[in-house]
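Inspection log for the structure reproduced underneath, given as structure tokens.
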Amino acid sequence: MGDNVVVPRNFRLLEELEKFEKGQGDMSVSAGLVDPEDIFLTNWNAAIMGTAGTPFEGRLYSLLIECGPRYPTVPPNVKFTTQINMSCVSSTGVVDMKKLCPGWKYSNDVEHVLNMLRTEMNKSENKRLRQPPEAATY
Amino acid sequence: MAASLPRRIVKETQRLTQEPAPGITATPYEDNLRYFNVLISGPSESCYDGGQFKLELFLPADYPMAPPKVRFLTKIFHPNVDKLGRICLDILKDKWSPALQIRTVLLSIQALLSAPNPDDPLDNTVAELWKTDPDAAHAKATEWTRTYARAAA
């Protein structure tokens, strides 16, 4: 088949939801809808486990993710609700997506964003930063 | 891009737009010819009578070897439709055959509105009410149709 098959936004997000619902790997990242009746699958809760061997290890971070009408052409809006100190995260918890995922592609998804955040925890510039008390929220 | 759309899909789309099935319209989006905006009228003499239900349908890369993906966007009280509009219908899953078409799928969904199947539920609370108190279930389906599926003027 020669045509360029593009999975439209809603079906893409349904696929993502079903994958998260099945659970995957070591469950170091997880996500689900804030409102299970959100027909446009816009607002998500997510959680990531701090990466082993970093100051983030053993901590569980909660996030809010907003997949807008133009997702996944444009990246989602991502915000930590658990306090964290990282170079790509503002003082209010907002993730700088240009910094986290430069060159965002249509094939990138919520799981990719969460995995990139775990990768970010491994960077030396972030390992050096002092962290807020565990489980403190914004 | 349109030129490389598989002939089967081009053919099906032409038939859908030129000879639409009664009470069903399916229009491909200009920017994605595998993605359809679908409207199904609630069958008369069903709880969904008078309603206009919006759905979306997508033909995945392996269509017609794999079934189309389709779901309701209009809120509907039906034992075989879940809160995200996903539909429990055998031909969308293990009973799919490449001999079926978009048209047959949409006709089957329309038939599912006439004949809900609470024994094969996707939404258990809806199915429970359907079985224990059918009158209340029908009333609720009628009410939701009036509230959420009122035909656009």
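Here B:55, B:107 are screened, and the one residue that is surrounded by fewer than 21 Cβ atoms within 10 Å (Cβ to Cβ) and either free of Cβ contacts under 8 Å to residues at least 40 places away in the same chain or out of contact with any Ser or Thr (no Cβ under 6 Å at 6 or more places or on another chain) (or both) is B:107. Being among the small types (Gly, Ala, Ser) and farther than 30 Å from residue A:129 by Cα holds for only one residue in A:23, A:58, A:50, and it is A:23.
Among the residues making up the stretch B:1-31, a single one is within 14 Å of another protein chain (Cβ to nearest Cβ), in contact (Cβ under 8 Å) with a residue 12 or more places away in the chain and of a type in the set (S, T, N, Q): B:13. Only a single criterion out of (1) within 14 Å of chain A (Cβ to nearest Cβ); (2) in contact with a helix residue (DSSP H, G or I) (Cβ under 9 Å, 6 or more places away or on another chain) is not satisfied by residue B:66, namely (2). Of all residues in the stretch B:130-153, those satisfying the criterion of being buried (at least 20 other Cβ atoms within 10 Å of the Cβ) and out of contact with any His (no Cβ under 7 Å at 6 or more places or on another chain) are B:130, B:137, B:145, B:149. Residue B:28: closer than 17 Å to residue B:105 by Cβ and in a loop (DSSP other than H, G, I, E, B), yes or no? When the stated conditions are applied, residue B:28 does not pass them. Here residue B:29 meets the list (1) of a type outside the set (A, V, I, L, M); (2) open to solvent by 20 Å² or more (accessible area, probe 1.4 Å); (3) closer than 30 Å to residue B:136 by Cβ almost entirely, failing just condition (3). Please verify whether residue B:101 is in contact with an Asp or Glu (Cβ under 6 Å, 6 or more places away or on another chain) and either of a type in the set (A, V, I, L, M, F, W, C) or open to solvent by 20 Å² or more (accessible area, probe 1.4 Å) (or both), treating the condition exactly as stated. Yes: the conditions hold for residue B:101.
Is it true that residue A:7 is farther than 16 Å from residue A:109 by Cβ and without any contact (Cβ under 8 Å) to a residue 60 or more places away in the chain?
Working: farther than 16 Å from residue A:109 by Cβ: no; without any contact (Cβ under 8 Å) to a residue 60 or more places away in the chain: yes.
It is false that residue A:7 is farther than 16 Å from residue A:109 by Cβ and without any contact (Cβ under 8 Å) to a residue 60 or more places away in the chain.
Restricting to the stretch A:6-25, what's the tally of residues that are within 10 Å of another protein chain (Cβ to nearest Cβ) and open to solvent by 40 Å² or more (accessible area, probe 1.4 Å)? Can you show your working first?
Filtering the stretch A:6-25 down to residues within 10 Å of another protein chain (Cβ to nearest Cβ) leaves A:6-15, A:17-18.
After this cut, where a residue has to be open to solvent by 40 Å² or more (accessible area, probe 1.4 Å) as well, the list is A:6, A:15, A:18.
Looking only at that region, the number is 3.
Could we say that residue B:39 is within 11 Å of another protein chain (Cβ to nearest Cβ), free of Cβ contacts under 8 Å to residues at least 60 places away in the same chain and either aliphatic (A, V, I, L, M) or in contact with a Leu (Cβ under 8 Å, 6 or more places away or on another chain) (or both) here? No: the conditions fail for residue B:39. Scanning the stretch A:81-93 for residues being open to solvent by 20 Å² or more (accessible area, probe 1.4 Å) and in contact (Cβ under 8 Å) with a residue 40 or more places away in the chain gives a total of 5. Inside the stretch B:69-101, residues that are at the interface with chain A (Cβ under 8 Å from one of its Cβ atoms) and either farther than 22 Å from residue B:150 by Cβ or free of Cβ contacts under 8 Å to residues at least 24 places away in the same chain (or both) make up a count of 5.
The values are calculated or read from the model by the stated rules, or taken from the named source; none is laboratory data. Treat the numbers as computed from the prediction; the structure is a model and nothing was measured. Reconstructed Cβ throughout: ideal geometry from the backbone, glycine too, with neighbour counts over all protein chains shown. Protein only, heavy atoms only, side chains kept; ligands, DNA and RNA dropped before computing areas. Shrake-Rupley method; radii C 1.70, N 1.55, O 1.52, S 1.80 Å.
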